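Worksheet: one structure, shown below.
The values are calculated or read from the model by the stated rules, or taken from the named source; none is laboratory data. Keep in mind that what you see is a predicted model, and the values were worked out from it rather than measured. Cβ atoms come from the backbone with ideal geometry, glycine included; neighbour counts cover every protein chain shown.
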Amino acid sequence: MERNAVLQHTVRFVKDTLSGAEGGHDWWHIFRVWQLAIQIARSEPADLFIVGLGSLLHDIADPKFNGGDETVGPRKAREFLASLGVEEEVIAHVEKIVANISFKGVSHTQAFRSTELAVVQDADRLDAMGAIGIARAFNYGGYKGRELFNPHIMPVVHRTKEEYINSTSPTVNHFYEKLLLLKDMMNTQTGRSMAEHRHKYMEQFLVEFQEEWQGNV
């Protein structure tokens, strides 16, 4: 199958699969990451076909919504691409992108690296930052029934994947436990440049949040 046709089939598959998904991890999240990834890839020696497929399929079965099972997403990506007759080399690469893209704590060692993963990972991290990142964080917090903020619960830097995944802390803590850490975890120069603005926006939001929480403004 011609590559543009594969991408079009992938878009339809992802839209159908994520119909009714939580708002921070729905088709529109995928779409934003896809567009960001293509933008970043233009400044990198990356395979745009693999970047496109990796970004479209990166959250096809997020472990958070699949009982913590990290094998579902890579398996679904492989099965779908194989059904389209995509070459094995591409399938294997996309499968590894899906398996390795997620944030799993500051001390997690990533098992696989490639330019294409670096690009898609930066795009996914950018979508967790800035105004969109703020909206997504509170949407997911509401979905999980978490407190907005609790001054008696301090943020924790999670040292293991298990600590991060099992955290039930208030949504504002998530900024300190993950979102504000992403700027320094970007892989590409383009990603780093884009992250600067979004990082500053989140910092400004948190200052305003605390001022309002304390009734100062």
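Per-structure values
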| quantity | calculated |
| --- | --- |
| Any hit, the range 46-65, residues being in a loop (DSSP other than H, G, I, E, B), free of Cβ contacts under 8 Å to residues at least 12 places away in the same chain and not acidic (Asp, Glu) | no |
| Residue that is under 22 Å from residue 195 (Cβ atoms) and out of contact with any helix residue (DSSP H, G or I) (no Cβ under 6 Å at 6 or more places or on another chain), where the choices are 65, 31 | 31 |
| Hits in the range 129-155 (condition: hydrophobic (A, V, I, L, M, F, W, C), farther than 18 Å from residue 210 by Cα and touching a helix residue (DSSP H, G or I) at 6+ places or on another chain (Cβ under 6 Å)) | 129 |
| Residue check for residue 36: closer than 15 Å to residue 132 by Cβ, in contact (Cβ under 8 Å) with a residue 40 or more places away in the chain and either of a type outside the set (Ser, Thr, Tyr) or not in a loop (DSSP other than H, G, I, E, B) (or both) | yes |
| Of all residues in the range 173-194 being over 20 Å from residue 138 (Cβ atoms) and of a type in the set (A, V, I, L, M), the one that is surrounded by the fewest Cβ atoms within 10 Å (Cβ to Cβ) | 185 |
| Per-region count, the range 151-172, residues crowded, with 20+ Cβ neighbours inside 10 Å and out of contact with any His (no Cβ under 8 Å at 6 or more places or on another chain) | 2 |
| Some residue of the range 162-181 being over 28 Å from residue 118 (Cβ atoms), among the hydroxyl-bearing types (Ser, Thr, Tyr), part of a loop (DSSP other than H, G, I, E, B) and modelled with pLDDT under 95 | yes |
| Set 64, 15, 76: member being surrounded by fewer than 20 Cβ atoms within 10 Å (Cβ to Cβ) and over 19 Å from residue 96 (Cα atoms) | 15 |
| All positions within the range 1-33 that are free of Cβ contacts under 8 Å to residues at least 60 places away in the same chain, of a type in the set (S, T, N, Q) and either assigned to a helix (DSSP H, G or I) or under 22 Å from residue 114 (Cα atoms) (or both) | 4, 8, 17 |
| Residue, farthest from the chain's Cα centre (by Cα), within the range 182-209, restricted to residues that are assigned to a loop (DSSP other than H, G, I, E, B) and among the polar types (S, T, N, Q) | 188 |
| All positions within the range 167-181 that are in contact (Cβ under 8 Å) with a residue 12 or more places away in the chain and over 17 Å from the mean Cα position of the chain (by Cα) | 168, 169, 170, 172, 173 |
| Out of 131, 137, sole residue that is within 17 Å of the chain's Cα centre (by Cα), of a type in the set (A, V, I, L, M), assigned to a helix (DSSP H, G or I) and surrounded by fewer than 13 Cβ atoms within 10 Å (Cβ to Cβ) | 131 |
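Residue by residue, here is whether (1) under 25 Å from residue 160 (Cα atoms); (2) part of a helix (DSSP H, G or I); (3) at pLDDT 95 or above holds:
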position: 73; (1), (2), (3): yes, yes, yes
position: 76; (1), (2), (3): no, yes, yes
position: 81; (1), (2), (3): no, yes, yes
position: 96; (1), (2), (3): yes, yes, yes
position: 103; (1), (2), (3): yes, no, no
position: 107; (1), (2), (3): yes, no, no
position: 113; (1), (2), (3): yes, no, no
position: 117; (1), (2), (3): yes, yes, yes
position: 122; (1), (2), (3): yes, yes, yes
